[in-house]
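The values are calculated or read from the model by the stated rules, or taken from the named source; none is laboratory data. Remember, predicted model here, so these are calculated numbers, not experimental data. Here the Cβ positions follow ideal geometry from the backbone for every residue, glycine too, while neighbour counts run over all protein chains shown.
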Amino acid sequence: MVIKRIHMEILVACLTAIAGVVVAGGSLELGVGWTDSGPDAGYFPFYVGLLLAAAGFANAVWTVIVHRGEAEVFLEQEQAMRLLGFFLPMVAFVAVTLVLGLYVGAALYLFYVAWRQGKYNPLWAAALGISFAVFLFVVFDVLFKVPLLKGPLEAFLKIY
Amino acid sequence: MGNFGLLMEGFQVAITPMHIGIMVVGVMLGLIVGVLPGLGAPNGVSLLIPLTFTMDPVSAIILLASMYWGALFGGSTTSILFNIPGEPSSVATTFDGYPMAQKGQTTRALTLAFMSAGIGALVGVVVITLLSTWAAEFALRFGAPEYFSVYFLAFCAFIGMGSSAPLKTIISLLVGLALSTVGMDTITGTLRLTFGVNELMGGVSFLVVVIGLFGIGELLMTVQDGLRFRGVTSRIDLRDVFRTIAELPRYWATLLRSSAIGTWMGITPGGPTAASFMSYGVARQWSRPGEPFGKGRPEGIVAPETADHSAGTCAMLPMLALGVPSSATAAVMMGGLMIWGLTPGPMLFATKPDFVWGLIASMYISNIVAVVLVMATVPMFAALLRIPFAIIGPVIVAICFVGAYTVSSATFDLWLVLLFGVIGYLFSKLNYPLAPLVLAMVLGHKAENAFHQSMILSDGSLGVFWSNPLVGSIMTLALILVLVPQLSRLVSKFRSRGTLRSAQ
């Protein structure tokens, strides 16, 4: 299965057009006309949204007319697998971070990728993840006094 | 020589042990982000801004600017050693830099790149020194309509002068403008476009968007093709360095021409990437016959590097004097300025001369610091790229998310980074330019305010934008910048069709 570039071009152009419609629609609720003190709050975003919808639509039509039938490949299966292999752990990292905090999330993420994808010894990978989390803690919480998101583990260890 | 005196005062601000130390740190960090894929200059500066909130603005801007110079140098290093441009603006350096390094002349290629980059940057700073007071005084005459016209000019210049399809540039600009309107409206105090999502009340931070678009997006681009780091040797031979420096005056014409191109593209919103490509193209056309380009010809390194750095430096001039950045990194820095409570524009020169001239003076010093540092540390930074991706990839990802979290300690921003990572990947894959989106996000509020005030002045008539010669000529110039390239494209299309027909 390969994805063709022209299909992605049309899809993205349509998505930008839809985004434009959403922006214009959302602005309509705010009022897009004039008040005593000048333009309404929705005036500027309304026209931006309208133009965006028009540009996205024009881009989609243009692509269909000019590039019709072109067979350039957007993504091959092998590339898609590589992308997913990188992207999915990243999504998991964000989800885990929300529950366990950034330090534990980052340590687990580094550990997992080094262990499963880098084929490193799990002990070595765990050491890598933990030392990176400690490094982050020293740089952000200690040196720059910018606290990062913490979770249950930090609460248990009484690190705030 | 008023500017000269001010510059000397600036040097007094910039040359303190602490500021020199900050420059060294900034250049080092810049080299790291420039070398690593996924961490470019705009993204690196975005990651650093939250850490500067508590710093004194002069020190903070010196840190960010030094990081920018370092990132520019780091980008050229990977172009030459690995054939991987660390920055979009160093793509043109790979054409001749990598072939020369492959022939075993690594030191020569690197020295040529760094020295001409340094020269380009110095030309840029000299231009800033000479023009900034004049530009700021000129801008003092600006009212709301003039400001809107300048923003409009910046947007139009991207459309007309950019290398992407005009429609895609327009879409990118409009997406940025739309994003800038999300959240609390500063004029009317109403909530806009939050669609009931509480996290959107504060608006979408451009820092988070930049980290997603340039950081995660670029990483996805890198991952998709698989990583092939086939580096050449990165040892620096001191004798070769001096031999190459002695060789440099031979390319004076290329240096001069490329600095001029870079300066022009830096002041107008062409940006460093367009400047380096243009300069490479011009050098190719105008150079004396000799070795073919693309096989390691020295001018092929000198031209893009000089233009890249002089454009990068000159991008600071419109950012400081007018509040209109002409590159993505300058846009991010300007956002930083606004976060520190400074308003870029002509008043900055009047109210904060120590800030402005301290920054300009620091540009002289930090570029010299950067050239020396980069020569000394290239082998070390090149080693960064030899770390397996299964380790360095997640580290970069984690740093991106940590950086996004530090912007406003909001977990919602982590999802935004993911979302904009995907958007950045799709956009760069389909050749939508990203810089206009960032520029529009940073300028969105100011453009809208200027537009509002102009509309109030004129009771809603667009005629206010042609109400005096100054604003009228800027608006007309903007429209010309958009229309002329399209018209000439149309004409050449018709011509070629005509010749086809007559040939039949």
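Out of B:G271, B:G262, report the one residue that is in contact with a Pro (Cβ under 8 Å, 6 or more places away or on another chain) and either buried (at least 24 other Cβ atoms within 10 Å of the Cβ) or of a type in the set (D, E, K, R) (or both).
Working: B:G271 fails: in contact with a Pro (Cβ under 8 Å, 6 or more places away or on another chain).
The unique qualifying residue is B:G262.
Looking only at residues of the range B:266-288 that are of a type in the set (S, T, N, Q) and more than 14 Å from B:V302 (Cβ to Cβ), we find that the one that is modelled with the lowest pLDDT is B:T268. Among the residues making up the range B:171-201, those that are more than 7 Å from chain A (Cβ to nearest Cβ), at pLDDT below 90 and not in a helix (DSSP H, G or I) are B:G183, B:M184, B:T186, B:I187, B:G189, B:L191, B:T194, B:G196, B:V197, B:M201.
Criterion applied to A:L83, A:L50 was being among the aliphatic types (A, V, I, L, M) and either modelled with pLDDT under 95 or touching a Leu at 6+ places or on another chain (Cβ under 8 Å) (or both), and the one residue passing it is A:L83.
Cβ-Cβ contacts under 6 Å between residues 6 or more apart (or on different chains), taken from a first residue in the range B:380-398 that is facing chain A (nearest Cβ under 7 Å) to a second residue that is of a type in the set (S, T, Y), are listed as B:P394/A:Y109. Restricting the search to helices (runs of 4 or more DSSP H) fully inside the range B:342-446 and requiring at least 1 residues that are among the small types (G, A, S) and touching a Phe, Trp or Tyr at 6+ places or on another chain (Cβ under 6 Å) gives B:353-384.
Among the conditions (1) away from chain B (no Cβ under 11 Å); (2) within 18 Å of A:F86 (Cα to Cα); (3) of a type outside the set (F, W, Y), A:R116 misses just one, which is (1). Once the range A:23-36 is narrowed to residues that are touching a helix residue (DSSP H, G or I) at 6+ places or on another chain (Cβ under 7 Å) and in a helix (DSSP H, G or I), the residue that is nearest to B:L437 (Cα to Cα) is A:V23. Is it fair to say A:T97 is within 30 Å of B:T181 (Cβ to Cβ), assigned by TED's automatic domain parsing to the domain that holds A:P152 and not hydrophobic (A, V, I, L, M, F, W, C)? Yes; evaluated as a whole, the condition is true for this residue. Against the list (1) within 14 Å of chain A (Cβ to nearest Cβ); (2) of a type in the set (S, T, Y); (3) in contact (Cβ under 8 Å) with a residue 40 or more places away in the chain, the condition B:S467 fails is (1). Scanning the range A:49-87 for residues that are charged (D, E, K, R), under 22 Å from the mean Cα position of the chain (by Cα) and more than 10 Å from chain B (Cβ to nearest Cβ) returns no hits. Among the residues of the range B:278-300, those identified as within 26 Å of the chain's Cα centre (by Cα) and crowded, with 21+ Cβ neighbours inside 10 Å are B:M278, B:S279, B:Y280, B:A283, B:P298, B:E299, B:G300.
Checked against (1) touching a helix residue (DSSP H, G or I) at 6+ places or on another chain (Cβ under 6 Å); (2) within 10 Å of chain B (Cβ to nearest Cβ); (3) touching a residue at least 12 places away in the same chain (Cβ under 8 Å), A:P39 passes all but condition (3).
The set of residues from the range B:1-51 being under 17 Å from B:V395 (Cα atoms), outside any loop (DSSP other than H, G, I, E, B) and hydrophobic (A, V, I, L, M, F, W, C) comprises B:L29, B:L31, B:I32, B:V33, B:V35, B:L47, B:L48. Only a single criterion out of (1) facing chain A (nearest Cβ under 10 Å); (2) over 30 Å from B:S310 (Cα atoms); (3) out of contact with any helix residue (DSSP H, G or I) (no Cβ under 6 Å at 6 or more places or on another chain) is not satisfied by B:S408, namely (1). Somewhere in the range B:387-395, is a residue more than 24 Å from B:M316 (Cα to Cα), surrounded by 15 or more Cβ atoms within 10 Å (Cβ to Cβ), over 26 Å from the mean Cα position of the chain (by Cα) and aromatic (F, W, Y)? Yes, the range B:387-395 contains a residue that is more than 24 Å from B:M316 (Cα to Cα), surrounded by 15 or more Cβ atoms within 10 Å (Cβ to Cβ), over 26 Å from the mean Cα position of the chain (by Cα) and aromatic (F, W, Y).
Any idea which of A:V146, A:V138, A:V94, A:V142 is in contact with a Phe, Trp or Tyr (Cβ under 6 Å, 6 or more places away or on another chain) and under 19 Å from B:L47 (Cα atoms)?
Working: A:V138 fails: in contact with a Phe, Trp or Tyr (Cβ under 6 Å, 6 or more places away or on another chain); A:V94 fails: in contact with a Phe, Trp or Tyr (Cβ under 6 Å, 6 or more places away or on another chain); A:V142 fails: in contact with a Phe, Trp or Tyr (Cβ under 6 Å, 6 or more places away or on another chain).
Within the list A:V146, A:V138, A:V94, A:V142, the selection yields A:V146.
Yes or no: B:F277 within 25 Å of B:K446 (Cβ to Cβ), more than 14 Å from chain A (Cβ to nearest Cβ), touching a residue at least 12 places away in the same chain (Cβ under 8 Å) and not basic (K, R)? So B:F277 fails the test.
Matching residues to (1) within 14 Å of another protein chain (Cβ to nearest Cβ); (2) touching a residue at least 40 places away in the same chain (Cβ under 8 Å); (3) under 30 Å from B:F389 (Cβ atoms); (4) of a type in the set (A, V, I, L, M, F, W, C):
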{"site": "B:G5", "(1), (2), (3), (4)": "no, no, no, no"}
{"site": "B:A41", "(1), (2), (3), (4)": "no, yes, yes, yes"}
{"site": "B:S46", "(1), (2), (3), (4)": "no, yes, yes, no"}
{"site": "B:I49", "(1), (2), (3), (4)": "yes, yes, yes, yes"}
{"site": "B:I61", "(1), (2), (3), (4)": "no, yes, no, yes"}
